[in-house]
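A.B. asks: Handing you this structure, nothing more for now.
The values are calculated or read from the model by the stated rules, or taken from the named source; none is laboratory data. Remember, predicted model here, so these are calculated numbers, not experimental data. All Cβ positions, glycine included, derive from the backbone under ideal geometry; neighbour counts span all protein chains shown. Heavy atoms of the whole protein, side chains included, go into the accessibility calculation; ligands, DNA and RNA do not. Shrake-Rupley method; radii C 1.70, N 1.55, O 1.52, S 1.80 Å.
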Amino acid sequence: MLEFIQDNIQPYFNYWVYVILMMIGLWATIAKNNLIKKLIGMSIFQTAIILFYVSVGVKGEGSKIPIVNPYTEAKSAEVVGADQHGEHGAKGGGEKYIVEPDNYANPLPHVLMLTAIVVGVATLGVALAVVQMLFKEFGTLEEDEILAQIKNADSASPDV
Amino acid sequence: MKWIALIAVTLTGSLLLFGVGDFPEWGDPHSPANQGPKLKSGEQVSKAVSQDFLTETYEVTKVPNVVTAVLADYRGYDTMFETVVVFAAGLAIFAILRVFGDGSDTPPMRAVEDDTFVEGDHSRIIIGTTCKLLIPIIQLFALYVIAHGHYSPGGGFQGGVIMGASFILLAIARDLKSALDWFSEKNFMTLASVGILIYAGLGVLCQFFERNFLDYGALKVFMISSDHPEQMARSYSMLGVEIGVAFTVTAIMFAIYANLSSRGELKEGL
Amino acid sequence: MIPIFDYILLIFLIVAAVISLKVKDLLSASMVFGIYSFLICLLWAEMGAVDVAFTEAAVGAGVSAVFLIATVYNTKRRSSD
């Protein structure tokens, strides 16, 4: 049992937790009756996805945050000319820094997830607005009561 | 419903957990996501794009924070339309929730509890005074986060949210009315549009200099006294883009709060 | 990355997620969801994603909890499950 944990769970613990959180969120979105609880479940689902992406970008214990400090990085002896790098090269001869990419965390998942969080809160706001309108219409936040009211209204006026 | 959910969740979860074992270990610097795809023999097929971002960004843009550089420059289209999504969410809230008129024909959904505010209630005074001191500091910090996003963690999204939160704090501590006196509905919807216009306008400005949309290197003609005109043009354009993002996010965060807390009437908040 | 800190935070995260879905008072659920957001913000700072952590601290722990509370205030506080 201990060996199983050490071999199969400990190195992948972030990924296990991402699956667990995602399933908690999915279960809440399907099975919870209250609309706000459903939205909290949806947010948990979203953070689980972000957890997966950020976990992919981690690079070992020695890795730093993805902010390159030009004053601590080593400079190469060669001077970069304009012809070497095409039009992106430094004019007038700048120094070239040797940045070792393995020392820094992977920035790409961070960028993708940063915008996802802000868009997530905007969509949460829209969802909460819809919830408020439903409450105004039906006077309740419980899904089964709303469905029962819709059914009653349908059976009361079958023509419409 | 609960049983269906339980079956679906168990099935999906066990399948995903089964797949977890095939991932590279957590924190492996040599994983395909960090170093690019590899053959089974260990031969490298190609480099991962994130390695190029890390090695080249400082030379090409003079921006130390790689995340900001990738966000505002390399992936400029993506960020622009994310901002448009935020703006569209604000418009959607406006369309869903906003009601006009004095609202006297619709009865209040909840009885207003007057007993929370009594004469000589000092807690209100304490909260109001504290917020009066705190809000300028929060706004100053938000401006710092926006302007310093190149060099430290931060940027338009974070600074915009902090700036919006300062107005939300004002609305909570006093009432929505005094927050709206500072930042009326007309103003925040205009500001949201102006933010996107700044972003898209910078992109279009590049096209006037015969480069692609959002290729900020075209703006090097404005960098007269700089040693590295192209790099500095990209660096400053990123600042402009972040300011545009911050405008939109500030306005939309406050708009969402104002509409949600007052049921779309923009009269009395929490 | 700091493995021990990571494991502790992840366990707390599952606990906070379950509590925020189990609590019947929606105001408490919103607050626990704010705690969940703050924990996940710490987790991202630990993994080196400082920009994501900053965004989450401002958005998740700050603004989204306020949005939820504003909606709970304008609707009902009790939940059946």
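A.B. asks: Within region A:94-149, restricting attention to residues that are facing chain B (nearest Cβ under 8 Å) and among the aromatic types (Phe, Trp, Tyr), which residue is nearest to residue A:48 (Cα to Cα)?
C.D. replies: Across region A:94-149, the extreme among qualifying residues is A:104.
A.B. asks: Can you tell me which residue is surrounded by the most Cβ atoms within 10 Å (Cβ to Cβ) among those in region C:21-39 that are of a type in the set (Ser, Thr, Tyr) and touching a helix residue (DSSP H, G or I) at 6+ places or on another chain (Cβ under 6 Å)?
C.D. replies: C:36
A.B. asks: Which condition breaks for residue B:140 when tested against (1) under 23 Å from residue B:75 (Cα atoms); (2) at pLDDT 90 or above; (3) open to solvent by 80 Å² or more (accessible area, probe 1.4 Å)?
C.D. replies: Here residue B:140 clears every test but (1).
A.B. asks: Test residue B:205 against the stated conditions and say whether it is of a type outside the set (Gly, Ala, Ser) and more than 14 Å from chain A (Cβ to nearest Cβ).
C.D. replies: Yes.
A.B. asks: Which residue out of B:112, B:9 is at pLDDT below 80 and among the β-branched types (Val, Ile, Thr)?
C.D. replies: Answer to the selection: B:112.
A.B. asks: Please tell me if residue B:48 is touching a Gly at 6+ places or on another chain (Cβ under 8 Å), within 19 Å of residue A:60 (Cα to Cα), more than 7 Å from chain A (Cβ to nearest Cβ) and open to solvent by less than 60 Å² (accessible area, probe 1.4 Å).
C.D. replies: Yes: the conditions hold for residue B:48.
A.B. asks: Which residues, counting only those in region A:1-39, are in contact with a strand residue (DSSP E or B) (Cβ under 9 Å, 6 or more places away or on another chain) and assigned to a helix (DSSP H, G or I)?
C.D. replies: Matches in region A:1-39: A:35 only.
A.B. asks: Let me ask another. Can you tell me which residue within region B:200-225, out of those that are assigned to a loop (DSSP other than H, G, I, E, B) and open to solvent by less than 70 Å² (accessible area, probe 1.4 Å), is farthest from residue B:163 (Cα to Cα)?
C.D. replies: Ranking the qualifying residues of region B:200-225, first place goes to B:211.
A.B. asks: Here is a further query. Within region B:12-36, restricting attention to residues that are assigned to a loop (DSSP other than H, G, I, E, B) and touching a Ser or Thr at 6+ places or on another chain (Cβ under 9 Å), which residue is most open to solvent (accessible area, probe 1.4 Å)?
C.D. replies: Out of the qualifying residues, it is B:25.
A.B. asks: Output the residue which, of all residues in region B:156-199 that are outside any helix (DSSP H, G or I) and touching a residue at least 12 places away in the same chain (Cβ under 8 Å), is surrounded by the fewest Cβ atoms within 10 Å (Cβ to Cβ).
C.D. replies: Step by step, filter region B:156-199, then rank; the result is B:175.
A.B. asks: Still on this structure, please answer the following. How many of the residues making up region B:58-67 are open to solvent by less than 10 Å² (accessible area, probe 1.4 Å) and more than 7 Å from every other protein chain (Cβ to nearest Cβ)?
C.D. replies: Residues that pass the stated criteria total 2.
A.B. asks: Then there is this: Out of B:244, B:240, which single residue is crowded, with 21+ Cβ neighbours inside 10 Å and closer than 19 Å to residue B:159 by Cα?
C.D. replies: None of the other options fit; the residue is B:244.
A.B. asks: Taking only pairs six or more apart or across chains, which ones have beta-carbon atoms under 8 Å, a first residue in region A:16-32 that is closer than 24 Å to residue B:25 by Cα and facing another protein chain (nearest Cβ under 7 Å), and a second residue that is of a type in the set (Phe, Trp, Tyr) and surrounded by fewer than 22 Cβ atoms within 10 Å (Cβ to Cβ)?
C.D. replies: The qualifying pairs are A:21/A:45.
A.B. asks: Separate question: As an exercise: evaluate residue C:78 against (1) of a type outside the set (Asp, Glu); (2) open to solvent by less than 40 Å² (accessible area, probe 1.4 Å); (3) modelled with pLDDT under 90 and give the number of the one condition it does not meet.
C.D. replies: It fails just one condition, (2).
A.B. asks: If you don't mind, there's one more thing I want to ask. Among the helices (runs of 4 or more DSSP H) lying completely within region C:1-73, list those that include at least 2 residues that are facing chain A (nearest Cβ under 7 Å) and polar (S, T, N, Q).
C.D. replies: Here the list is empty.
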